[in-house]
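Take a look at the structure set out below.
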Amino acid sequence: MIENPVPWPNGARCALAFTFDIDTDSFLHLSFGEKVPDMVATTSWARYDEIAVPRILQIYREFGIKQTFFHPAWCMERYPHLVDAILKDGHEIAYHGYIHESMSRLPNRQAELEWMSRGVEVTEKMTGKKPRGFRAPNYHFSRHTAAILVELGFQYDASLMDDDVPSVYETAAGDLIGIPSSGTLDDWAQYVNNSEIGSVRSIRSPQEATTAYMADFEAAYKYGGMWIGVWHPWISGRLARADAIRGLIEAMQARGNVWFATMEEITAHVQGLIERREWTPRRVKLPFYEAPLPTELIPPQLIP
């Protein structure tokens, strides 16, 4: 099913990363601006990170695992005590925009470079090192993003969904390791229901969500893939859902022959395999398109 599985460390059947995006209330300011001061209930919902992050760290301590937190730089500046708690426990902090801005909606390459440089500077100042990895807020990844990441010294990207195992993204500035995920493992689709932000759907129970998550785990375990959770503390860190996370980790550890790792560790392992010629990755040129298709190839009535 996977033509080119990665040989994971110590014969592990799959690699597992329970990653969290610590957006807190950053996205509200971008989407709603001057309305935010009157969105008190929704802001309190997003600020549940203050309760959820310590809870998640406690769970990780219980099971003895280190994981990756993707952190917007503005959130790091506003909630530095959460940064300190994550670093104290030895977890990785990766980059998730300055204030959760969409890369593909910035006006040009220079603006994207400037905002990313600003966020990288904050991250380095607060963690003591430049971030190694990036996940694009909202998965919004422009034609320029991959090359900018290479220029700024990033080693991996975790934004795209083009494979079941890592690959190498070829950019005009050099190569970047791609650690793909899937919307299936994003908790937004399972749990988010808030009319004030325009996201209305049926909320799944933790048992229903866990069934979906475990289906992906079983396939990754069977075929040698990866399982990369894309979660948010203020969503999945709620009490019953956090308890379900404990159950997931417990079940996965009990299965045996699995590798819980940070995204940085997965990247280092893949880079080592490539350098030692023990595994050859699929190579993908980015961006997929340098410009829109010529209009003559699209029926006029379908042109946006």
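The values are calculated or read from the model by the stated rules, or taken from the named source; none is laboratory data. The shown structure was predicted, so the numbers you read here are calculated from the model rather than taken from an experiment. As a convention, Cβ positions derive from the backbone with ideal geometry for all residues, glycine included, and neighbour counts pool all protein chains shown. Areas reflect the complete protein model, heavy atoms only, side chains present, ligands, DNA and RNA absent. Shrake-Rupley method; radii C 1.70, N 1.55, O 1.52, S 1.80 Å.
A Förster radius of 22 Å, combined with the Cβ-Cβ distance separating Glu77 from Ser31, puts the computed FRET efficiency at roughly 0.65.
Sites count as exposed loop sites when they are chymotrypsin sites (Phe, Trp or Tyr not before Pro), lie in a DSSP loop, and have at most 11 other Cβ atoms within 10 angstrom; the longest stretch of the chain without one is 1-287. Summing Cβ point charges (Lys, Arg +1; Asp, Glu -1) relative to the Cα centre of the stretch 102-168 gives a dipole of roughly 280 debye. Based on Cα contacts under 8 Å between residues 6+ apart, the chain shows a relative contact order of 27 percent. Look at the alpha carbon pairs under 8 Å that are at least 6 residues apart: their mean separation over the length of the stretch 130-216 gives a relative contact order of 21 percent. Sorted largest first by accessible area at a 1.4 angstrom probe radius, with every protein chain in place, the residues His140, His96 fall in the order His140, His96. In the Gaussian network model of the chain, springs joining C-alpha atoms below 10 Å, which of Ala244, Ala136, Ala212 carries the largest mean-square fluctuation? Of the options given, Ala212 has the highest mean-square fluctuation. Taking a ≥ b ≥ c as the square roots of the eigenvalues of the alpha carbon gyration tensor, the stretch 1-80 is prolate, as a/c is not under 1.5 and a/b beats b/c.
Note on Glu275 and Gln58: their simple-model spin labels are 4.0 nm apart, each label 7 Å out from Cα toward Cβ. Counting only protein heavy atoms and using a 1.4 Å probe, the accessible area of Val120 comes to about 10 Å². Given their separation in residues at 0.36 nm each and the Cα-Cα distance between them, Ile197 and Val40 gain 55.3 nm when the chain is fully extended. The stretch 235-304 and the stretch 148-225 have Cα centres separated by 5 Å.
Dipole magnitude for the stretch 1-117: about 300 debye, using +1 per Lys or Arg Cβ and -1 per Asp or Glu Cβ, origin at the Cα centre.
Ordered from highest to lowest accessible area with the whole protein assembly present and a 1.4 Å probe, Lys130, Lys88, Lys285 read as Lys88, Lys285, Lys130.
Here the Kirkwood formula, the inverse mean of 1/r across different C-alpha pairs, assigns the stretch 202-243 a hydrodynamic radius of 11.4 Å.
Think of the stretch 1-150 as a dipole: +1 on every Lys or Arg Cβ, -1 on every Asp or Glu Cβ, centred on the Cα centre; then among Pro9, Gln110, Ser142, Pro9 lies furthest on the positive end. Taking the Cα centre of the chain as the origin and placing charges on Cβ (Lys, Arg +1; Asp, Glu -1), which of Tyr169, Gly128, Tyr223 is farthest toward the positive end of the dipole? Checked the options; the winner is Tyr223. Solvent exposure of the stretch 1-87, expressed per residue, is 44 Å² of accessible area, with all protein chains present and a 1.4 angstrom probe.
Each of Asn257 and Asn108 was given a label point 7 Å from its Cα along the Cα-to-Cβ line. The distance between the two points is 5.5 nm.
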